[in-house]
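A.B. asks: Provided herewith is a single structure, encoded as structure tokens, for subsequent inquiry.
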Amino acid sequence: MSEHAAPLLRPPRHRVDPRARAWWRVQALLTLSGPMLLTALVMAALSVLFFPGALPWLGPLLLVVLVLPAAAYLVVMPRMRYAVHAWELGERAVYAAGGWFWQKRRIAPLSRVQTVDTLRGPIQRRYGLATVTVTTASTAGDIKIAGLSDADAEALSRRIGEVAQDVPGDAA
């Protein structure tokens with residue numbers, strides 16, 4: 001290893017709740033995979049009803065362009081996201097890793113925390129999950145920790161608030 005190489009940043013210690021995989025799968029069905037599969041089904045049905053001669057070439061085309069990518073996304077994306085999404089709260093900073101295709105790690109000092117929000121959308125509530133958003137005095141944006149159990153989200157929000165009050169702020 002070169003003496004000028006940057007040290008590797010270890011992953012955060014805590015994983016998100018395993019139920020997050022099901023939540024991400026339902027999101028995929030509602031936003032990407034579901035519409036792709038529905039489009040393939042409608043196009044195949046219309047072909048059978050009105051253009052039966054097109055089915056020999058349209059069927060494989062729909063399979064390759066819509067069905068296989070939609071199915072692959074449903075299977076692969078939740079697993080990859082779960083492998084990456086993690087979080088950690090230290091004495092002086094909050095650390096989060098997320099993404100699946102574009103992976104992102106963020107560390108924010110607790111002295112810069114402005115607000116802590118907890119979001120529970122309808123699908124998240126169905127799975128007992130929540131997202132904690134930590135807003136800091138940074139132009140890089142918020143830190144979002146998605147896929148936490150309700151209990152972990154409440155405890156994390158409360159703990160960040162407590163720790164942020166105890167950490168001295170930057171002197172102006």
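The values are calculated or read from the model by the stated rules, or taken from the named source; none is laboratory data. What you see is a predicted model, and the numbers here were worked out from it, not measured in a lab. Quick reminder, even Gly has a Cβ in these numbers, built from the backbone with ideal geometry, and neighbours come from all protein chains shown. To get the accessible areas, we keep the full protein, side chains included, count just its heavy atoms, and leave off ligands, DNA and RNA. Shrake-Rupley method; radii C 1.70, N 1.55, O 1.52, S 1.80 Å.
A.B. asks: Among the residues of the stretch 80-111, which ones are within 19 Å of residue 18 (Cα to Cα) and part of a strand (DSSP E or B)?
C.D. replies: 86, 87, 88, 96, 97, 98
A.B. asks: Now for a different question. Report the residue count in the stretch 128-139 for those that are surrounded by fewer than 20 Cβ atoms within 10 Å (Cβ to Cβ) and within 20 Å of residue 19 (Cα to Cα).
C.D. replies: 3
A.B. asks: Of all the residues that make up the stretch 80-122, how many are open to solvent by 30 Å² or more (accessible area, probe 1.4 Å), within 14 Å of the chain's Cα centre (by Cα) and of a type in the set (Gly, Ala, Ser)?
C.D. replies: Of the residues in that region, 1 qualify.
A.B. asks: Condition (residue is open to solvent by 30 Å² or more (accessible area, probe 1.4 Å), more than 22 Å from residue 27 (Cα to Cα) and either hydrophobic (A, V, I, L, M, F, W, C) or at pLDDT below 90 (or both)) applied to the stretch 140-148: is it met by at least one residue?
C.D. replies: Yes, because at least one residue in the stretch 140-148 is open to solvent by 30 Å² or more (accessible area, probe 1.4 Å), more than 22 Å from residue 27 (Cα to Cα) and either hydrophobic (A, V, I, L, M, F, W, C) or at pLDDT below 90 (or both).
A.B. asks: Check 72, 40 and return the single one that is surrounded by 15 or more Cβ atoms within 10 Å (Cβ to Cβ), out of contact with any Lys or Arg (no Cβ under 6 Å at 6 or more places or on another chain) and modelled with pLDDT of 95 or more.
C.D. replies: On inspection, the qualifying residue turns out to be 40.
A.B. asks: Which of (1) without any contact (Cβ under 8 Å) to a residue 40 or more places away in the chain; (2) farther than 21 Å from residue 162 by Cα; (3) not in a helix (DSSP H, G or I) does residue 53 not meet, given it meets every other one?
C.D. replies: (3)
A.B. asks: Now for a separate question. Just need a number here: residues in the stretch 149-168 that are open to solvent by less than 50 Å² (accessible area, probe 1.4 Å), touching a residue at least 40 places away in the same chain (Cβ under 8 Å) and within 20 Å of the chain's Cα centre (by Cα).
C.D. replies: Selection size over the stretch 149-168: 3.
A.B. asks: Now for a different question. In the stretch 43-69, which residue that is open to solvent by 40 Å² or more (accessible area, probe 1.4 Å) and of a type in the set (Gly, Ala, Ser) is modelled with the highest pLDDT?
C.D. replies: 45
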